[in-house]
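Read through the structure below, which is laid out as structure tokens, and then see the notes.
The values are calculated or read from the model by the stated rules, or taken from the named source; none is laboratory data. Just so you know, these numbers come straight off a predicted model, no measurement behind them. Note: ideal-geometry Cβ built from the backbone for every residue, glycine included; neighbour counts use all protein chains shown. In case anyone asks, the SASA skips ligands and DNA or RNA and just uses the protein heavy atoms, side chains included. Shrake-Rupley method; radii C 1.70, N 1.55, O 1.52, S 1.80 Å.
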Amino acid sequence: MNRPIRIGQIVPSSNVTMETEIPALLRAREGAAPEHFTFHSSRMRMKKVTKQELAAMDADSDRCALELSDAAVDVLGYACLVAIMSMGTGYHRVSEARLHRRTVENGHPAPVVTSAGALIAGLGTLGAKRIALVAPYMKPLTEMVVGYIEGEGVAVGDWLALEIADNLEVANQDPARLMDHCKRLDLSGIDALVLSACVQMPSLPAVQRIEDATGLPVVSAAICTAHQMLTRLGLPTAVPGAGALLSGRY
């Protein structure tokens, strides 16, 4: 491919993190790989992280897939984990297949990655059978996320819900506090840490540091999404300083 690889993202209207973390990961990769990337987004309306707003937002994702396929993106990422997981077990497969069909119908077929499906795939790649996670959501939504992950065959040994309903406030969380949140988790028998399960909650500056401190693989929804985007594009999954999943060993 002579032109840059076009990365498309379907993003909640109040999300200000996924359009920084995914580019940061792939820009870091550009320093050690020949590919170059451009980034393109379409937005769905959502301000409060509630089940009602998430369902209404998800219904708008087809429009976003069509808009991004107008730009002939090479891969399309759905950047809201909880919107998918709140729709019921296995919904990431339904969403990915439906949105891919929209791109095919529009004449610019592109693989579709959901952050929810990417997290499941990333944990599978690591061989993680039992995890601990931090999420910014209210407890009922966090319980849905835990149930969804366990429904995919991964046990959640411990979890922490920060109970932040406003999506912009989620984006304001300091990644430096993730180590403190991690210390509140029981890591006995844990194979991997998910910090965080939300693509809106910033985490990249802390991931490698916490991985080095705990000796456990550390992922985030954004890291897993980048891993799956690279996988779907047929590219090596190596990004420096982004934890075990993007170390190039998998």
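At a glance:
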{"item": "Zone residues, the range 112-129, relative to Ala97, backbone N less than 16 Å from point 7 Å out along Cα-to-Cβ", "result": "112-114, 117"}
{"item": "Accessible area of the chain belonging to carbon and sulfur atoms, whole % at 1.4 Å probe", "result": "52 percent"}
{"item": "Computed over the chain: relative contact order in percent, which uses C-alpha pairs under 8 Å that are six or more apart", "result": "21 percent"}
{"item": "Structure-based [θ]222 nm, the chain - -39500 (n - 2.57) summed over DSSP H runs of at least 4, per residue, nearest 500", "result": "-13000 deg cm²/dmol"}
{"item": "Directionally averaged projected area (convex hull, Cα atoms, the range 1-133), nm²", "result": "8.9 nm²"}
{"item": "Solvent-accessible heavy-atom area per residue, rounded to whole Å², over the range 1-154 at 1.4 Å", "result": "39 Å²"}
{"item": "Prolate/oblate/rounded label for the range 62-136 (Cα gyration tensor, a/c 1.5)", "result": "prolate"}
{"item": "Solvent-accessible surface (1.4 angstrom probe) belonging to Glu169, in square angstrom, nearest 10", "result": "80 Å²"}
{"item": "R0 of 45 Å, Cβ-Cβ distance Arg63-Ser188: FRET efficiency to nearest 0.05", "result": "0.50"}
{"item": "Square roots of 5 times each gyration tensor eigenvalue, C-alpha, the chain, largest first, Å", "result": "26, 21, 16"}
{"item": "Gain in span if fully extended, Asn2 to Asp166, counting 0.36 nm per residue against the direct Cα distance", "result": "54.9 nm"}
{"item": "Value of relative contact order over the range 122-250, rounded to a whole percent, pairs C-alpha under 8 Å and six or more apart", "result": "25 percent"}
{"item": "C-alpha center-to-center spacing [the range 1-57, the range 168-231] in angstrom", "result": "18 Å"}
{"item": "Helical segments meeting 15 Å axial Cα length and Kyte-Doolittle 1.0 threshold in the chain (DSSP H)", "result": "115-126"}
{"item": "Candidate lysines for bridging to Lys183, where Cα separation is under 24 Å - those fewer than 8 sequence places away on the same chain excluded", "result": "Lys129, Lys139"}
{"item": "Quarter of Cα convex hull surface for the range 54-93, i.e. mean projection, nm²", "result": "2.9 nm²"}
{"item": "Principal semi-axes in Å for the range 75-213 [√(5λ), Cα gyration tensor, largest first]", "result": "26, 17, 15"}
{"item": "Simple label model, 7 Å out from Cα along Cβ direction - Arg249 to Ala56, nm", "result": "4.6 nm"}
{"item": "Distance cut-off 14 Å, percentage of C-alpha pairs in the range 109-189 lying past it", "result": "68 percent"}
{"item": "Largest to smallest principal axis extent of the C-alpha atoms in the range 135-236, angstrom", "result": "37, 33, 30"}
{"item": "Average accessible area per residue (Å²) across the range 161-248 - probe 1.4 Å, nucleic acids and ligands excluded", "result": "36 Å²"}
{"item": "Residues Ala213 and Ala24, FRET efficiency given R0 of 25 Å [Cβ-Cβ distance, rounded to 0.05]", "result": "0.70"}
